[in-house]
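Down below is the structure, laid out as structure tokens.
The values are calculated or read from the model by the stated rules, or taken from the named source; none is laboratory data. Only a predicted model underlies this, so the values are computations on that prediction, with no experimental measurement involved. When we count neighbours, we look across all protein chains shown, and the Cβ atoms used for this are built from the backbone with ideal geometry, even at glycine. The area values use the complete protein model at the heavy-atom level, side chains included, leaving out ligands, DNA and RNA. Shrake-Rupley method; radii C 1.70, N 1.55, O 1.52, S 1.80 Å.
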Amino acid sequence: MQKHRLEKILGNLKEDVDVIVLRNATEPNIDPNFFYVADISYGLFEGCICLIWKDGEVEILTTKLEAETAKHAKVPITVFGTREERARILKKKIGKAKKVGINFENITHQGYLDTVKATKKAKVVDVSEALRKARMIKDPTEIERIAKACTIASKVADEIPTLVKESGMKETEVVAEINYLMTKYGANSPSFETIVAFGKNAAEPHYTACTGTLRKGDFVLCDFGARYLRYCSDITRTFVAGKATKEQERMYEVVLEAHDAAIDFISAGKSAKECHKAAEDVINRSRYRGKFTHGLGHGLGLTVHDPGGMSPSQDIVLEPNMILTVEPGIYIPKIGGVRIEDDILVTKDGCKVLTEAESEFREIRVK
Ligand SMILES: [Mn+2]
């Protein structure tokens, strides 16, 4: 357990509660805050519950399956065998509470009903904002793990030109190589479904089908990340297979200029909106006006889309130790797209790029 995380969460609460109940259902309905609070770096913990008491004490209700792993949290553990037993234990623990905090963003409806049932007449309040705010600012352990995930992904990104070999090769072949190499370099898994998009497929920012085959002259867009001790990285690099057209090179240069403008601009104290605008302005001044169709970036941490981000709809002001992606792109339907994505750590007077892969324009030699 990391005491200061508890202090942050409790300090962010708008109204005091007797206890916060963080509750996992089955995968993928797992609350990342469970792991944030318990600081357990692996395991699934389906059906398990983490209680945070108002004095900062934490305890875990766990299945027998993961009782041994739960010990890593170094907090009191109660093991249950069945759902009924879990319900009985929870009722005994929180039955007298007057006000119970729940994370509305990650609990299932069944989990909510079961928690309410255990509390008799308690008032139930949503504490998701307090959790979100706490997780936006990364502590040293988190920064170290994300940085490691970034190093792994960067190393793989630099090898992409050697993985793309000949026209006719499948997108999934490149996906397989990327995922293999990330694991080989120490990742526990990819942090999300790896995207490899050839040619016009690169015009779709979340193209995960990967059913295409390579033709000479195609864009090769690869978007992937590593997960290391639960923490994520997220990187995108775009290349051209063979000789690029003037248009392809120009698209790339505009995206790179937007990316660099954002990185130069970002620092603590800047609003998320103006950071987005720093990149968007570059693209909108070019012939690709309106072709940057998403936000500049998102938070990164226990989830690949962690709280926080930089876009016209984000109201936050950047603070030191936020970790965010910077990923401008240009997308032209039926032609293709370019995106360059890096992960950055916000500092007092700027930002530090954690993904150090090459980002200059490159043509890949293909047979
Ligand atoms: Mn991303």
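A compact table of results
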item: Residue check, E257 touching a residue at least 60 places away in the same chain (Cβ under 8 Å), out of contact with any Asp or Glu (no Cβ under 8 Å at 6 or more places or on another chain) and open to solvent by 30 Å² or more (accessible area, probe 1.4 Å); result: no
item: The listed residue being farther than 18 Å from H72 by Cβ and either touching a Ser or Thr at 6+ places or on another chain (Cβ under 7 Å) or crowded, with 19+ Cβ neighbours inside 10 Å (or both), out of I40, I9, I52; result: I9
item: Output for region 223-253, where each listed residue is under 19 Å from T325 (Cα atoms), open to solvent by less than 10 Å² (accessible area, probe 1.4 Å) and either more than 16 Å from the ligand (Cβ to nearest atom) or hydrophobic (A, V, I, L, M, F, W, C) (or both); result: F224, A226, C232, I235, Y252
item: Matching residues, region 108-120, being open to solvent by less than 30 Å² (accessible area, probe 1.4 Å), at pLDDT 95 or above and not small (G, A, S); result: T115
item: Subset of region 121-169 [at negative phi, open to solvent by 30 Å² or more (accessible area, probe 1.4 Å), more than 22 Å from the chain's Cα centre (by Cα) and not assigned by TED's automatic domain parsing to the domain that holds N106]; result: E159, P161, T162, K165, E166, S167
item: Residues of region 269-286 that turn out to be open to solvent by less than 10 Å² (accessible area, probe 1.4 Å) and not aliphatic (A, V, I, L, M), as a count; result: 2
item: Residue check for V220: among the β-branched types (V, I, T) and more than 16 Å from the ligand (Cβ to nearest atom); result: yes
item: The lone exception for G81 - which of (1) surrounded by 21 or more Cβ atoms within 10 Å (Cβ to Cβ); (2) of a type outside the set (D, E); (3) over 21 Å from the mean Cα position of the chain (by Cα) it fails; result: (1)
item: Filter result (β-branched (V, I, T) and out of contact with any Pro (no Cβ under 9 Å at 6 or more places or on another chain)) within region 351-367; result: V353, T355, V366
item: Those residues of region 277-330 which are of a type in the set (A, V, I, L, M, F, W, C) and within 19 Å of E247 (Cα to Cα), in sequence order; result: V282, I283, F292, I330
item: Single residue of region 306-336 satisfying the filter (part of a strand (DSSP E or B) and away from the ligand (no atom under 16 Å from the Cβ)) that is least open to solvent (accessible area, probe 1.4 Å); result: G336
item: Output for region 200-217, where each listed residue is within 16 Å of the ligand (Cβ to nearest atom) and open to solvent by 10 Å² or more (accessible area, probe 1.4 Å); result: E204, P205, H206, Y207, T208
item: From the options T238, T303, residue that is part of a strand (DSSP E or B) and either under 25 Å from V156 (Cβ atoms) or under 21 Å from the mean Cα position of the chain (by Cα) (or both); result: T238
item: Residue match in region 287-300 (condition: assigned to a loop (DSSP other than H, G, I, E, B), within 15 Å of the ligand (Cβ to nearest atom), open to solvent by less than 20 Å² (accessible area, probe 1.4 Å) and closer than 20 Å to K348 by Cβ); result: yes
item: Residues satisfying the stated conditions in region 337-350, i.e. open to solvent by 30 Å² or more (accessible area, probe 1.4 Å) and not in a strand (DSSP E or B); result: K348, D349
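Rundown of residues vs (1) in contact with a helix residue (DSSP H, G or I) (Cβ under 9 Å, 6 or more places away or on another chain); (2) free of Cβ contacts under 8 Å to residues at least 12 places away in the same chain; (3) over 17 Å from D343 (Cα atoms), yes/no style:
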position: R230; (1), (2), (3): yes, no, no
position: I235; (1), (2), (3): yes, no, no
position: Y252; (1), (2), (3): no, no, yes
position: I283; (1), (2), (3): yes, no, yes
